[in-house]
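One structure is given here, and the rest of the page talks about it.
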Amino acid sequence: NCIAGTQAIPPEFFEADAVFGRNNMWIRWRTLILPGIFPYLITGIITAVGGAWNSAIIAEYVRFQGGTLKTLGLGAIISSAAASGDIAMLLAGTLSMSLLVLLTNRFVWAPLTQLAKEKYSIN
């Protein structure tokens, strides 16, 4: 995503940046490149966090060669409840996970996405 974001910055912006004497790479990164890739960066982070969340949930409870390896966490609770047929615990764990995802989307990702659209959109 960041490579696509960098490629989406019009070349004229880099030329204008050079015309105004911003040859310092740190200033160029801070004032042109980072704002230009911000929407792409947010999209990439959301995707990566989603994948990491899924991997963490799955990795907390593993059955291997007749044994069970588990850690303390929401994924272990959900997987353990599913394996033992504890529907009440499975429902509670799934609802808790859903609530965490909804709250994260509402209070973290939605504001950052809105900021990317309003402040850092090149269009």
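The values are calculated or read from the model by the stated rules, or taken from the named source; none is laboratory data. The model shown is predicted, which means the values in this text are computed figures rather than measured ones. All Cβ positions, glycine included, derive from the backbone under ideal geometry; neighbour counts span all protein chains shown. Areas reflect the complete protein model, heavy atoms only, side chains present, ligands, DNA and RNA absent. Shrake-Rupley method; radii C 1.70, N 1.55, O 1.52, S 1.80 Å.
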Inset, instruction - Considering (1) free of Cβ contacts under 8 Å to residues at least 60 places away in the same chain; (2) part of a helix (DSSP H, G or I); (3) surrounded by 13 or more Cβ atoms within 10 Å (Cβ to Cβ); (4) in contact with a helix residue (DSSP H, G or I) (Cβ under 9 Å, 6 or more places away or on another chain), say which one ALA83 fails and leave the rest. - result: (4)
Legend entry - Of the criteria (1) surrounded by fewer than 13 Cβ atoms within 10 Å (Cβ to Cβ); (2) closer than 23 Å to ALA110 by Cα; (3) not aromatic (Phe, Trp, Tyr), which one ILE45 fails: (1)
Inset, instruction - Please work out if ARG63 is within 17 Å of SER121 (Cα to Cα), among the basic types (Lys, Arg) and surrounded by 11 or more Cβ atoms within 10 Å (Cβ to Cβ). - result: no
Legend entry - Residue ID - most open to solvent (accessible area, probe 1.4 Å), chosen from residues in region 3-34 that are of a type outside the set (S, T, N, Q) and not in a helix (DSSP H, G or I): PHE20
